[in-house]
Amino acid sequence: MPAGKPADVRIVRLAPEHAAAAARLHIAGQPGTFLTNLGADVLTAIYALLPQSRRGFGFAALPAAGEGGEVVLGFVSATTGAGGLFLELGARHAGKLLPPLLARYMRAPGLIVRSAQTLIYPLLAREPDSAHAAEHSSAELLSIMVEPRLRGQGIGALLLDALLAECATRDIAQLDVTVDAHNEGARRFYARHGFTERRTFRLYGRDMCLYGRPVG
Ligand SMILES: CC(C)(COP(=O)(O)OP(=O)(O)OC[C@H]1O[C@@H](n2cnc3c(N)ncnc32)[C@H](O)[C@@H]1OP(=O)(O)O)[C@@H](O)C(=O)NCCC(=O)NCCS
């Protein structure tokens, strides 16, 4: 397929059947990061639970022609409250999440501190003088990942368009995203789609940038 031509895909709501493929894409797209280090089992559990929470939503890109949910070419996920979502996942689905999580913690205890940071990072990322955030509802893009060999063909743009349309139907006024400062490709992608940098902060010992854009 020539570069720049939109790929032949259909966009569907993210569903539990896409979870294992989403976890695999996440690991391929974000090597060496905290969530990736939690491992495929934990990520699969998170992506299975996210679309079942009222705080979580997302979309998957599937081949235009084809069966089933196993072949996922890309996905995007978002939440209306990251801290609340992770607490809800822990409280409501401890039985599914804890076994793979505990297995990872036994092998890599340092991940416990990073998990605690994941719960409090919405406080780190929040804009200090954010009257805007108090007045208007906002959502946070948690992850957007496209199959490595299919990047640069417009799949990411299609996923982001679907997410923004969903935000509009939910009366969400602003979409935020936290990006590793060294992830130049993702920063270009967000800048190209109307996101502007709001502030930087430290998370997991790394520099992070908070980006945001109005939904309308
Ligand atoms: C960022 C990402 C989702 C974009 O998806 P995509 O389908 O390649 O995006 P599109 O084809 O719609 O847009 C292409 C634009 O994305 C950006 N981009 C980032 N990484 C890219 C890559 N590896 N290849 C091509 N484009 C990339 C560029 O801005 C590019 O436009 P340009 O080449 O004119 O500068 C995808 O590159 C990806 O999965 N990256 C790894 C995971 C990641 O870092 N996700 C963001 C943090 S959660």
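The numbers here are math on the coordinates, done by the rules we state, and not lab data. All values reported here derive from a predicted model rather than from experimental measurement. Positions of Cβ are generated from backbone atoms using ideal geometry, with glycine treated the same way; all protein chains shown enter the neighbour counts.
Given DSSP loops and a limit of at most 15 other Cβ atoms within 10 Å, what is the longest stretch of the chain that contains no such GluC sites (Glu not before Pro)? Mind showing how you got there, number by number?
On the way: sites that count: Glu67, Glu70.
That would be 71-216.
Using the Karplus curve 6.51 cos²θ - 1.76 cosθ + 1.60 with θ = phi - 60°, what ³J(HN,Hα) values do you get for each residue of the stretch 19-31, in whole Hz, with x for Gly and Pro?
4, 5, 5, 4, 4, 5, 5, 4, 5, 5, x, 10, x
How high is the relative contact order of the stretch 9-176, in percent, counting Cα pairs under 8 Å that sit 6 or more residues apart?
This gives 28 percent for the stretch 9-176.
Which shape class, rounded, prolate or oblate, goes with the stretch 9-176 when its Cα gyration tensor gives a ≥ b ≥ c as root eigenvalues, a/c under 1.5 marks rounded, and past that a/b bigger than b/c marks prolate?
Oblate is the answer for the stretch 9-176, as a/c is 1.5 or above yet b/c matches or exceeds a/b.
Between Ala91, Ala60, Ala82, where does the largest GNM mean-square fluctuation fall for the chain, given springs only between Cα atoms within less than 10 Å?
Per the Cα network of the chain with a 10 Å cutoff, Ala91 tops the list.
Please report Leu102, Leu50 as a ranked list, fewest other C-beta atoms within 10 angstrom at the top and most at the bottom.
Ordered by Cβ neighbours within 10 Å, fewest first: Leu102, Leu50.
With a 10 Å Cβ neighbour count serving as the proxy for reagent exposure, in which order, fewest first, do Asp41, Asp207 appear?
Starting with the residue having the fewest Cβ neighbours, the order is Asp207, Asp41.
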